[in-house]
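Enquirer: Just dropping this structure here.
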Amino acid sequence: MAEPGVRNGEKVVSWGRLAGVGQVVSSENLEADSQGAALSRGLGRSYGDSSLPARPGDKIVQTPLSDRILAFDPVSGLLRAEAGFSLVELNRLFLRRGWFPPVTPGTKFVTLGGMVASDVHGKNHHRSGCFGAHVTWMKLRTADDRIVTCSPHVNTDLFDATVGGMGLTGHILEVEFRMERIPSPWIWMESRRVPDIDAYIRGLKDAGPHWPMTMGWIDCVSRGKKLGRGILMAGRWATPEEAPRDPPAEKRKLRLPFDLPSFAINPLTVRAFNELYYRRHPRKVRTGIVHPDSFFYPLDAIHDWNRGYGRRGFTQYQCVLPDEAGLEAPRLFLELLTRLGGASPLCVIKDCGAEGRGLLSFPLPGTSIAVDLPIRDNTQAVVDALNAFVIDKGGRIYLTKDGFTRPEHFRAMEPRLPAFEAVRKAWDPEGRLKSAQSVRMFGA
Ligand SMILES: Cc1cc2nc3c(=O)[nH]c(=O)nc-3n(C[C@H](O)[C@H](O)[C@H](O)COP(=O)(O)OP(=O)(O)OC[C@H]3O[C@@H](n4cnc5c(N)ncnc54)[C@H](O)[C@@H]3O)c2cc1C
């Protein structure tokens, strides 16, 4: 019989519905569980194969039961917690007390460990950088089963490779980072329609210096003059004076109770959805106070929305095109995407700020475009073609979303990879830590 908390041969599934089989271990004692494990896994919100076992027998630690807050200093905002502590719980406890994480991704169903390993970015990347920029200390179990600490000043090579390192340098056990003081728990938001991709990129660049948070949705299937039209959103925390007496309504949560058939998302339905979504926004600029959940996590309002892509699942292609590639690069990317038939209702665009210190962190100064691609027979060919474009423009893709990039493509787009590999080798010479993604992408 298996020990309590150990499940042999368990199927683990990523958000994009890729699957693997491992020996899954999960309890409140992450420090003990991580002994001899090949990989850690949080809430499985990475789309691709980064949180999947490399081989069927590999021991995988599932962290969400290790979710204690260990210290909080209300003067400095420093918070220390176990790596399985979730963002949903963090927000529940701290928002009404006037604190918010310095960086949040577009879902709150993630763990601190997952946020560090992906070095997540948010709507404020142009101002606040990635989550790792706010991490002050970490406790890790390394591949040789030692417990070590690292920070921007201690074991810095390990720190820099762990931030954005997709779990390949050690199991993150505890994380300390600085929370942000906020003036009220509400968001002042402005949104407007933008007629095409060129206007959109100009709008994003103009909004950046004035707004701490910007991003938006674009229509990536319409062609010609309408290509890349969309809705540009900008926001900031509301002041106490602006804060409403009655809290703005939280959107009701819906659940997708079954898989939609895979033909449900096709060019016709996507075009119809996009038209409706664009027209639903009034012509004039919309302003007002909104609930932070509607602003930061619109997709969380539909639980299990990943079932909308059918049983074969989907991948998300997210790349960043550097500013040096020119303002026309996003338009050329969208033209290529539509030519390749990459129809998707979800296409999100964001301008990124400076590159962070994480050796494999995703963003660099430029424009990030994220698009869902339902998995079809030609998905590999579509990703290959998009990657060739991104390499040509000096950009790169986001590992936590990826399940299809070829190793030679990643190597061509990531000049920092040899530095990352050197640190990984120094801390794990026998190659004990691995994921399905690391074997696919880095060969080990
Ligand atoms: C709807 C949606 C919106 C999103 N929006 C954004 C966004 O705006 N910005 C953004 O940057 N990302 C975004 N993401 C991606 C998401 O933030 C990351 O994939 C995040 O890492 C998921 O956290 P998790 O706890 O689910 O980690 P998992 O998916 O379980 O794991 C992700 C990676 O982290 C590693 N890992 C997890 N825990 C540990 C640990 N304790 N020690 C070592 N390694 C660990 C895993 O090995 C794996 O490589 C979004 C995802 C979804 C589903």
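The values are calculated or read from the model by the stated rules, or taken from the named source; none is laboratory data. The structure displayed is predicted, hence computed values, not measured ones. Every residue, glycine among them, receives a Cβ derived from its backbone with ideal geometry; neighbour counts consider all protein chains shown. Surface accessibility is based on the protein's heavy atoms, side chains included, excluding ligands, DNA and RNA. Shrake-Rupley method; radii C 1.70, N 1.55, O 1.52, S 1.80 Å.
Enquirer: Rounded to the nearest percent, how much of the accessible area of the chain (1.4 Å probe, protein heavy atoms only) is carbon and sulfur? The partial results should precede the final answer.
Expert: On the way: 10240 of 18520 Å².
About 55 percent, which is the carbon plus sulfur part of the accessible surface.
Enquirer: Can you list, largest first and rounded to whole Å, the semi-axes you get for segment 1-88 by taking the square root of 5 times each eigenvalue of its Cα gyration tensor?
Expert: Details: eigenvalues 140, 52, 17 Å².
Ellipsoid half-lengths, sorted descending, are 26, 16, 9 Å.
Enquirer: I'd like to check one number: the per residue accessible area of the chain, probe 1.4 Å, reported in Å² as a whole number.
Expert: Result: 42 Å² of accessible area for each residue.
Enquirer: Rounded to the nearest 500 deg cm²/dmol, what is the calculated helix-only ellipticity per residue at 222 nm for the chain, with -39500 (n - 2.57) per DSSP H run of length n ≥ 4? Intermediate results must be reported in sequence, preceding the final value.
Expert: Working: 13 runs with 109 residues, N = 444.
The per-residue figure over the chain is -6500 deg cm²/dmol.
Enquirer: When 1/r is averaged over all different Cα pairs and the result inverted, which Kirkwood radius in Å belongs to segment 65-203? Kindly include the intermediate steps, with their values, before the conclusion.
Expert: Working: mean 1/r = 0.0622 Å⁻¹.
Evaluated over segment 65-203, this radius sits at 16.1 Å.
Enquirer: Let me ask something else. Determine the gain in length on full extension of the stretch Glu10-Asp392; use 0.36 nm per residue of separation and subtract their C-alpha separation, reporting nm with one decimal.
Expert: 133.4 nm
Enquirer: Between rounded, prolate and oblate, where does segment 355-444 land on the alpha carbon gyration tensor, with a ≥ b ≥ c its root eigenvalues, rounded for a/c under 1.5, else prolate if a/b exceeds b/c?
Expert: Cα axes put segment 355-444 in the oblate bin.
Enquirer: Separate question: With equal scatterers on the alpha carbons only and no solvent term, can you work out the Debye log10 of I(q)/I(0) for segment 264-373 at 0.14, 0.16, 0.20 1/Å?
Expert: Log10 I(q)/I(0), no solvent term: -0.78, -1.02, -1.35.
Enquirer: Over the Cα atoms of segment 290-440, what is the Rg over Rh ratio if Rh follows Kirkwood?
Expert: 0.98
Enquirer: Please give, to one decimal in nm, the separation of the simple spin-label points placed at Arg96 and Gln35, each 7 Å out from Cα toward the Cβ.
Expert: 4.1 nm
Enquirer: Test of understanding: extend the Cα→C-beta vector of Glu430 to 7 Å, then name every residue of segment 13-52 with backbone N under 13 Å from that spot.
Expert: 36-38
Enquirer: Same structure, new question: Can you give me the distance in nm between label points at Leu299 and Arg236, each placed 7 Å from the Cα along the Cα-to-Cβ direction?
Expert: In this crude label model, Leu299 to Arg236 measures out at 2.8 nm.
Enquirer: Using the Kyte-Doolittle scale, which helices in the chain average at least 0.0 and also have C-alpha atoms spread 18 Å or more along the helix axis, with helices defined as whole DSSP H runs?
Expert: Values: long enough: 267-280 (19 Å, -0.64); 379-392 (20 Å, 1.03).
Result, helices passing both filters: 379-392.
Enquirer: Along its principal axes, what span do the Cα atoms of the chain show, with the longest given first and each in whole Å?
Expert: Projected onto the principal axes, the Cα atoms of the chain cover 60, 53, 44 Å.
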